[in-house]
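> Let me begin by handing over the structure; questions about it come next.
The values are calculated or read from the model by the stated rules, or taken from the named source; none is laboratory data. Since this is a predicted model, take the numbers as computed values, not measurements. Here the Cβ is made from the backbone with ideal geometry for all residues, glycine too, and neighbour counts use every protein chain on show.
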Amino acid sequence: MTTLRPFTCDDLFKYNNVNFDPLTETYGLSFYTQYLAKWPEYFQLAESPSGHIMGYIMGKVEGHMDNWHGHVTALTVSPDYRRLGLAGLLMNFLEDISEKKRAYFVDLFVRKSNKVAINMYTNLGYIIYRTILEYYSGDQDEDAYDMRKALSRDVNKKSVIPYTQPVRLEDIDMN
Amino acid sequence: MAHQQQAMDTALFERRLRPVYDNLEVGNNRKALQESEKLLRKHPNLLCARALKGLSLLRLGRYEESHSCLQSVAEEKPVDDSTLQVLSFCYREMEQLDKIVELYQHAVKLNPGNEELLAHLFVSHVRVEDYKAQQAVALQLYKAQPKNAYYFWSVISVVFQGIRGPESCIPEKRNLYLALAQRMVDKHIKEGKLETEQEAFLYLHILKLQNKYQDAWEFLTGELCAKLYPGAPVSMKFELLKKLGNWLELNKLLQELLDADRDRWDYYKEYLQSCFELLKQQPPEQQEPAYSLKTCHDFLLQIIKSSTRKTRGPYLARLELHQRMRAHQLPAEELVGDFDELVIEYFHLFGDKSCCTHDIALFLPSISMEQRQSLASKLLAESGVSSSSLPQNKEHMQKHICALQISRMCGAHIELSTDHLIAFYTALKLHYEHGHSTFGKELLSTEMGPSDPYALLAANVMYDVSKRESKSDYLFEALCLLQYVLRNSTSNFHVKLLSLKIYHMFGCMVGAQEMYDYLDIKQIQLDSMGYVHCNLLPLSGRFSGVRNCYDTTLKFFTNSYKERLEYISLTYRFCTFSKMEEFMNFKERLTNSLMYVACSVEAQLCDIVCFYGSIQQNLSAYVAMSIEPADDRISWNELSDNRDLQAIIRWDPLHVDDTEAERKESFEQEIEVLQIRSLLLRLFASFIDLYHAPQGAKVAMSNDKTRTPTPGDDIATVELLRTSWTGLFQRLRLMNYKPLSQNFLVNLLPTRLHLLLKLPYESFFDDLAQLVMDLYSGASQLALQCKKVSENVVSVMELCVQTITESNEWNGMDGLWKRREHQQKVAASLEILSLYAFLLSVLNDKLQCSAKTKAKKKTSGDNKTQEPISEKERSQMLQELMRQLKHKLEACDAAIRIWKPPTLPRELSSFMADMSLKPEVEATLIGDVSATFKESHELMITELRNLLKDKIRMVGK
């Protein structure tokens, strides 16, 4: 049972029960403000009937020509509100907005080790498009999967023909 | 040719300037200065190099030189982009935003119609929120380059004049501006030039601001809006239909939406409201069957029946319908059914989800205490777990947990006897252990243990017992349990937050810091969560040891303070009209954060207390703080409470727990604490400034050039602040604030307000003010005042010594219960004496200096018959004060040396004996927790003794 509404600056003061989760990154202010200023409709929040933040999705839309696509930058659900299909709801929302913006596909990056997330995205219709080597830096660098789902504008599903060769971040034309 | 030459020059200069930029970038300011000077020797007129020199000087803290350097560049009215950029950067750093406006005004005058310069000018107006000027520049921009963005910059500037500008409070003006803004957009629409969704949003916004809801509705549902703004949130439709009172349409729309999307609380809420409104709208005399809530109920039932996948939505909506009907004195039971049964059905279906507790809690306040308790017992019975049976699987366990949480919320625990509570605790502990060993193995390190909530509840219960018995044993045991849970479930932040709280209650700073670090609090969390740790550090018993935490917090704030205006410019750049006001309000909230202001004041006080260098070093560190005693820089009425109090989970009885009241009360008290602390800082600074008049830095940094300090100013400042000081205490005593309730574990710890009122802060610094002034003028009562102050010193020393004796005595009974309070008292005594020590060292330095130069000044305007006391005598009296302070500091040190570490409750070996823990696990666990307490005490002792050693040296010369 959820209220979906745009994420606002004030929510940054209240999102701790979500962001204390170890897999959720707390970014610097400029990161959030940039998304809020540039893609306000892509930053959406799920609120519980009691007014708690259940989770949120942060994304953007970018790219040229048939690479015009929605991108999921962060998706997180508070531990108290898992197993309710909330991630799917938020993903639907982002796909919907991307459809309205006439994007060809939606993509996202996920840690290769994050089995739970990969599984979930697969169930939502995403495929592993390619592997990006050492995308996540840290004590031990980790590869990312670039996962994609075609939208209705991509009639021939050209955007989801997987790459067989892994690529490096610097080799990708992000636009 | 000339052009080519110029281009070559630009490229050349850019290359030459590069090293200066590079050095500034990496913070190598000294080298940057050298590089810029080198360049200026060759090209003395290169404006950008001069501006960069100004920036380097600014970064090096050489404010006066920087100021004149920048001034001279500005006077040449530069027009090149790089010089302007550097200058505006400097002015931004110095918060002289109006200078940036001037800068670009000149530049635009010389290059009329230059798009880039105009855009900079526009942004400079945005920074100072001058909407009128924004409007004018935006129109110039549009004339120069007819881009939609510029046109709408001017539209939004008109809107802001109407709703935020100085004239916004005059209704006629407001209407005028909004009407103008609308006409501007209307014209654009007519010309077919509306292009983006944000423009469409802005138009809707303008219409709504003027209450033109029908027009807004027509536009929103019209063709143009559909084309430009396909993602317009459906909530906009709700809003407008509600404003228009078109409940029927709203009702229909929501039925459609809910049919497609059955789990949306926002939809159900609006839907139910529309149903109740339709009910209200029925004229009583109407013969046709009136709208009845049966339609609503049937709709919900139909959703429930036709859904293949069970979602919480329609069930919660049914409970909400029940609740609302009762509130309207309508026969809820008749239509919807028995409330308890509905809740139980909900519990059956969704009790295995951890959010079930929050869901049911929503409806508890609407029923009586008796009903709550009986419902709670029913749920417990429904959960099927009793004293003789254990949960069969994870889901079953979660149901049991949910029922237990609800029963606490219903007040079941506060009525149990202490013995019962302890038995309950044991049961919870065993449930935790059972759940952990049965369902909690093979967890990912990022997952929380499924049985962890038992332990969290157990900690709350043990606090209840501790509170009732005024004994720490139980709570200490809870801490050990939590630490045990944390080993099994390393990512459970609830456990960390509760442990952090308990460590603070017991004055164990090392443990608290450990938990805080473990939580990895950063960025904006430093503001919203600072209350759990950073705000508890002042007077906790550590001084230099807590500086790090202040620093990290302040660094976040100063960075975001610098960036705060750029966020707003960003919304203009992307023409995100829907976010502009939000960003402006956010900026205010962040800049006026109580956490920010309080933390800066505490950090400054802490620094002065910790001074350990030579008198010159200390003084220059003091000057660098640029405290201006006469100037209260805090906007008291704007202070903002940014705490996220909901981050800490709780299930306390709903009829007693009132988070919002607690928030209000604690916030008020924290502001009063800040009043005391900031006034203490300013008063103390005025003492220092009287003898060590600040020059240079402060004056150059201040915007106010007209004011030149006169000799009498400083003494008047001391007088004035002293009056405010005693006045403040008088007021606070009259206000009679109550200490914050400590009913439950999750309640906020008491603020320092009562501590500060109880300890001799007021009289000590009041008398000190007199002493400082008497010493300055050589007044005849100086000797008397010296005596008074030394008596104060004795009593502060005694407070310290007695507190430690008391603490040692308490060790025989309960080493932890009063620990925090004792540490606070000792810390406060040492804070007072340390400030006093620094003051004496400054006075002594000054008197010795003037004695050496033999410059015997005549005190001007002195109409007293008595001659002022000679400087030599004054110096002697001062020496005596220093001698006395040294003695008392030594007495404090002697007491601290014998301050015993807290004895921990009960026999350690018997701890948690009834747990199914492996003995070796148990031993290391308790060993670790005990070691943390011991280490914390030892660190504190070392730190306090070092502090005293420094102060003894400071006054010992």
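> If a residue has to be in a helix (DSSP H, G or I) and either within 22 Å of residue B:359 (Cα to Cα) or away from every other protein chain (no Cβ under 13 Å) (or both) to count, how many in the stretch B:235-272 make the cut?
26
> Tell me whether the stretch B:280-298 contains one or more residues that are within 13 Å of chain A (Cβ to nearest Cβ) and either of a type in the set (Val, Ile, Thr) or assigned to a helix (DSSP H, G or I) (or both).
No: the stretch B:280-298 contains no residue that is within 13 Å of chain A (Cβ to nearest Cβ) and either of a type in the set (Val, Ile, Thr) or assigned to a helix (DSSP H, G or I) (or both).
> Determine if the stretch B:370-390 includes at least one residue that is within 14 Å of chain A (Cβ to nearest Cβ), at negative phi and either in contact (Cβ under 8 Å) with a residue 12 or more places away in the chain or crowded, with 20+ Cβ neighbours inside 10 Å (or both).
No.
> Among the residues in the stretch B:528-543, are any farther than 23 Å from residue A:24 by Cα and either without any contact (Cβ under 8 Å) to a residue 24 or more places away in the chain or within 14 Å of another protein chain (Cβ to nearest Cβ) (or both)?
No.
> While we're on this one: Would you please name the residue that is nearest to residue B:271 (Cα to Cα), looking only at residues in the stretch B:235-257 that are of a type in the set (S, T, N, Q) and touching a residue at least 24 places away in the same chain (Cβ under 8 Å)?
Going through the qualifying residues, I end up with B:251.
> I'm trying to understand the selection: among the residues of the stretch B:441-461, which are more than 14 Å from every other protein chain (Cβ to nearest Cβ) and modelled with pLDDT under 95?
B:441
> Of these, A:149, A:158, which one is touching a strand residue (DSSP E or B) at 6+ places or on another chain (Cβ under 9 Å) and at pLDDT 95 or above?
A:149
> Let me ask another. Name the residues in the stretch B:69-127 that are among the basic types (Lys, Arg), part of a helix (DSSP H, G or I) and more than 38 Å from the chain's Cα centre (by Cα), would you?
Scanning the stretch B:69-127 gives a single hit, B:109.
> Can you tell me which residues in the stretch B:174-199 are of a type in the set (D, E, K, R) and either farther than 19 Å from residue B:136 by Cα or without any contact (Cβ under 8 Å) to a residue 12 or more places away in the chain (or both)?
B:183, B:186, B:187, B:190, B:191, B:193, B:195, B:197, B:199
> Residues being out of contact with any Ser or Thr (no Cβ under 8 Å at 6 or more places or on another chain) and surrounded by fewer than 18 Cβ atoms within 10 Å (Cβ to Cβ): count how many of those fall in the stretch B:587-617.
6
> Which ones in the stretch B:569-615 are within 21 Å of the chain's Cα centre (by Cα) and either assigned by TED's automatic domain parsing to the domain that holds residue B:827 or among the β-branched types (Val, Ile, Thr) (or both)?
Result: B:591, B:597, B:601.
> While we're here: For the stretch B:401-411, does any single residue satisfy the condition of being part of a loop (DSSP other than H, G, I, E, B) and in contact (Cβ under 8 Å) with a residue 60 or more places away in the chain?
The answer is yes; a qualifying residue exists.
> If you check B:677, B:633, B:643, B:650, which single one turns out to be away from chain A (no Cβ under 14 Å) and buried (at least 19 other Cβ atoms within 10 Å of the Cβ)?
Exactly one of B:677, B:633, B:643, B:650 is away from chain A (no Cβ under 14 Å) and buried (at least 19 other Cβ atoms within 10 Å of the Cβ), namely B:677.
> A follow-up question, please. Considering only residues that are in a loop (DSSP other than H, G, I, E, B) and at pLDDT 90 or above, which ones fall in the stretch B:27-45?
If the condition is that a residue be in a loop (DSSP other than H, G, I, E, B) and at pLDDT 90 or above, then B:28 is the only one that fits.
> Additional query: Would the stretch B:463-480 turn up any residue that is at positive phi and either under 34 Å from the mean Cα position of the chain (by Cα) or touching a residue at least 40 places away in the same chain (Cβ under 8 Å) (or both)?
yes
The rows are residues; the columns are (1) more than 16 Å from residue B:829 (Cα to Cα); (2) surrounded by 19 or more Cβ atoms within 10 Å (Cβ to Cβ); (3) not assigned by TED's automatic domain parsing to the domain that holds residue B:832.
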residue: B:776; (1), (2), (3): yes, yes, no
residue: B:780; (1), (2), (3): yes, no, no
residue: B:784; (1), (2), (3): yes, no, no
residue: B:794; (1), (2), (3): no, no, no
residue: B:809; (1), (2), (3): yes, no, no
residue: B:816; (1), (2), (3): yes, yes, no
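> Right, another one. Out of all the residues in the stretch B:63-85, is one or more at pLDDT below 90 and over 27 Å from residue B:125 (Cβ atoms)?
yes
> Would you check which residues across the stretch B:305-325 are of a type in the set (A, V, I, L, M) and away from every other protein chain (no Cβ under 13 Å) and list them?
Residues satisfying the conditions are B:321, B:325.
> Okay, next question. Picking from A:111, A:82, which residue would you name as being closer than 27 Å to residue B:401 by Cα and surrounded by fewer than 20 Cβ atoms within 10 Å (Cβ to Cβ)?
A:82
> Go through B:187, B:173 for me and flag whichever is under 24 Å from residue B:223 (Cβ atoms) and over 35 Å from the mean Cα position of the chain (by Cα).
None of the others qualify; the one that does is B:187.
> I'd like to know if the stretch A:7-17 contains one or more residues that are assigned to a strand (DSSP E or B) and either more than 7 Å from chain B (Cβ to nearest Cβ) or buried (at least 17 other Cβ atoms within 10 Å of the Cβ) (or both).
Within the stretch A:7-17, not a single residue is assigned to a strand (DSSP E or B) and either more than 7 Å from chain B (Cβ to nearest Cβ) or buried (at least 17 other Cβ atoms within 10 Å of the Cβ) (or both).
> Here's another thing I want to ask about it. Scan the stretch B:170-191 and tell me whether some residue there is surrounded by 14 or more Cβ atoms within 10 Å (Cβ to Cβ), of a type in the set (Gly, Ala, Ser) and not in a helix (DSSP H, G or I).
No: zero hits.
> Name the pairs whose Cβ atoms lie under 8 Å apart, with the first residue in the stretch B:210-234 and of a type in the set (Gly, Ala, Ser), the second modelled with pLDDT under 95 and not in a helix (DSSP H, G or I), and 6 or more positions between them or separate chains?
From residues that are of a type in the set (Gly, Ala, Ser), the pairs are B:231/A:101.
Rundown of residues vs (1) in contact (Cβ under 8 Å) with a residue 60 or more places away in the chain; (2) hydroxyl-bearing (Ser, Thr, Tyr); (3) within 23 Å of residue B:943 (Cβ to Cβ), yes/no style:
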position	(1), (2), (3)
B:780	yes, yes, no
B:790	yes, yes, no
B:805	yes, yes, yes
B:813	no, no, no
B:824	yes, no, yes
B:833	yes, no, yes
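> Now, a different point. Kindly check whether there is at least one residue in the stretch A:27-39 that is within 7 Å of chain B (Cβ to nearest Cβ), in contact (Cβ under 8 Å) with a residue 60 or more places away in the chain, in contact with an Asp or Glu (Cβ under 8 Å, 6 or more places away or on another chain) and surrounded by 19 or more Cβ atoms within 10 Å (Cβ to Cβ).
No - not one qualifying residue is present in the stretch A:27-39.
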